[in-house]
Amino acid sequence: MPFAAGTSVDWRHSARCRDEDPETLFVQGAQQRDAREVCTACPVRTECLAHALDNRIRFGVWGGMTERERRALLKRRPDVISWAALLESARRAAAASPAANPDAPARPRRPARPAEPAAEARPAGRAERRHAG
Ligand code: SF4
């Protein structure tokens, strides 16, 4: 986990990479894709990524994203003022979804469409009328 000196973030205590050599997250190019594997099951991935994005940290792997991925994301979303707020809100929304919480009460379903009438009960179509004689 790459931390700048003087950073006062308590999420770092739960970082999965806490005991890793910091240099493993500051590799170059394609090696970054391998380096980000350590982030996959990290419990503070969201906080880490938000920290890097909000502070425009240019180097290293943060929150499972490479330098290039973060740069592209920042370019796509110049409107985001606080990545911490945005990512936290997305996490809450995901946690509140029924898929994430199977014990949540089910939302009312839309009424089923009425069944199609049987073929013989349907009024004759144009083709059927034409051949009816
Ligand atoms: S997301 Fe990755 S870089 Fe960030 S703290 Fe977790 S393991 Fe470290």
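The numbers here are math on the coordinates, done by the rules we state, and not lab data. The structure displayed is predicted, hence computed values, not measured ones. Heads up, the Cβs are rebuilt from the backbone with ideal geometry, glycines too, and the neighbour counts pull from every protein chain shown.
Given the stretch 10-104, what whole percent of its Cα pairs are spread farther than 19 Å? Can you show the working numbers first?
On the way: 2008 of 4465 pairs.
So the pairs more than 19 Å apart make up 45 percent of the total in the stretch 10-104.
Cβ under 13 Å from Ala15's Cβ, Ala15 left aside: what net charge do those residues give with Lys, Arg +1 and Asp, Glu -1? Can you show the working numbers first?
Details: positive: Arg12, Arg16, Arg18, Arg45; negative: Asp10, Asp19, Glu20, Glu47.
Residues close to Ala15 contribute a combined charge of 0.
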**OP:** Starting from the stretch 7-62, pick out the trypsin sites (Lys or Arg not before Pro) whose DSSP state is loop and whose Cβ has at most 14 other Cβ atoms within 10 Å.
**Re:** Arg18, Arg56, Arg58
